[in-house]
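First up is the structure itself, then whatever we jot down about it.
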Amino acid sequence: MRIRATVAALSGALVLSALAVPAATAADGGPSKQDVVRAALKAADGKSAYTGSTGTDTGTPYPLSVTFSNVKVNGGKPIVAGPTGHVVAPVTYTVTHGADVDLRADDTWVDVTLYRGSYDEPANFLEGDNWPVCTAVSATVDTCKGTVDVRPAEDLYNADATTWKATGYVIDWNDVDPYSTDDIDWSKVGVADQDNLATTRLQRRSAVTVNASPEPVRKGATITATGRLTYANWNTGAYSGYAGVYAQLQFRKAGTTTYSTVKSVKTTSTGGLSTTVKASVDGYWRYNFVGTNTAPAIAAAGDYVDVR
């Protein structure tokens, strides 16, 4: 029995390949890996795989007996990305399959990828730069280790800071050239895919600063603690102020190791933080942001104030 195909989801998501990681292509600049996967899934759903090409679709892929389980993305933690750079998130899972399915064969493709948005019309799509490595546990069970590679400048928009879903597929090409746009006999190709394997969050990396002044200060005088809370802006490729959220002003007495919250301070429209306290003893002041669904927790390094 073929697991319910995510044809619509992946077909929509794979159109966004320009936003995703660089894909493998044929030597002559032919279809990308995403195009090939989309074609196989569309064919398995009884749809024309290469609409508008000179190739002719014949046959329908046969169903593979495959089930994905124990899927874990980034160790169960949110994926946090700055405005630029390259983040590699590990993906591990188990594949249970028929004895005739060899996940380590050169002509068998297996992967778990991420998409966000609705199941039928995803808004974005992420995958790994390389194929996963699968290890046989038995004749019908493999454990696989792959990645999801995220390049914010190429892949993400601010709206992507939300929950993503994992979906997996296996395609057994059986020596069929996957990059051919000529006539393809799809009846020689085995296909299976499975949706709703796991969820993960993508978050915009946060940063916070603090400056407590004056330094030194007389006991009983006023200390002003300023700072700024920012987070990655994937639309602009820089950090921008995080407005309208709270950060905790915390204090740690000199000679101790624990910070205590003094008050909560709401950020301005530019992420600014400012409040006043009375000086009492020597110690360290910092702003601590507990995090939101959009951005992770972060604490500034303590700023020491000498009270005289």
Cα-centred dipole magnitude for the chain, charges only on beta-carbon of K, R (+1) and D, E (-1), debye, nearest 20: 2760
Suppose all protein chains stay in the model; what accessible area per residue would a 1.4 Å probe give for the chain, in Å²? 45
Mean Cβ neighbour count within 10 Å, used as a protection proxy, ranking 62-70, 214-222 highest first: 62-70, 214-222
Most fluctuating residue given options 100, 195, 155, as computed from a GNM of the chain linking Cα atoms under 10 Å: 100
Just one of (1) 123; (2) 144; (3) 132 is volume of the Cα convex hull per residue in Å³ as worked out from the coordinates here. Which one is it? (2)
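Counting alpha carbon pairs within less than 8 Å and at least 6 residues apart, what relative contact order, in whole percent, applies to the chain?
Numbers: 812 pairs, mean separation 58.7, N = 308.
In percent, rounded to a whole number, it is 19.
Report the charge-dipole magnitude of segment 204-254 in Debye, nearest 20, computed about the Cα centre from +1 at each Lys and Arg Cβ and -1 at each Asp and Glu Cβ.
Result for segment 204-254 is approximately 180 debye, rounded to the nearest 20.
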Evaluate the charge dipole of segment 206-305 about its Cα centre and quote only its size in Debye, nearest 20, assuming +1 on the Cβ of each Lys and Arg and -1 on the Cβ of each Asp and Glu. 280
Which listed residue (290, 231, 216) has the Cα farthest towards the positive end of the charge dipole for segment 206-305, taking +1 on Lys and Arg C-beta and -1 on Asp and Glu C-beta about the Cα centre? 216
Give me the percent of the accessible area of the chain that comes from carbon and sulfur atoms, probe 1.4 Å, all protein chains in place. 49
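Given the pairs 77/165; 145/165; 165/188; 47/188; 33/188; 42/77, which are separated by over 24 angstrom at their Cα positions?
165/188; 42/77
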When the Cα centres of segment 165-184 and segment 64-134 are compared, how far apart do they sit, in Å? 16
Roughly how tilted is helix 33-44, in degrees to the nearest 10 and between 0 and 90, from the longest Cα axis of the chain? 50
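The values are calculated or read from the model by the stated rules, or taken from the named source; none is laboratory data. What you are looking at is a predicted structure, and each value in this text was computed from that prediction instead of being measured. Using ideal geometry, Cβ is built from the backbone for each residue, glycine included, and neighbour counts are taken over all protein chains shown. Accessible surface areas use protein heavy atoms only, side chains included; no ligands, DNA or RNA. Shrake-Rupley method; radii C 1.70, N 1.55, O 1.52, S 1.80 Å.
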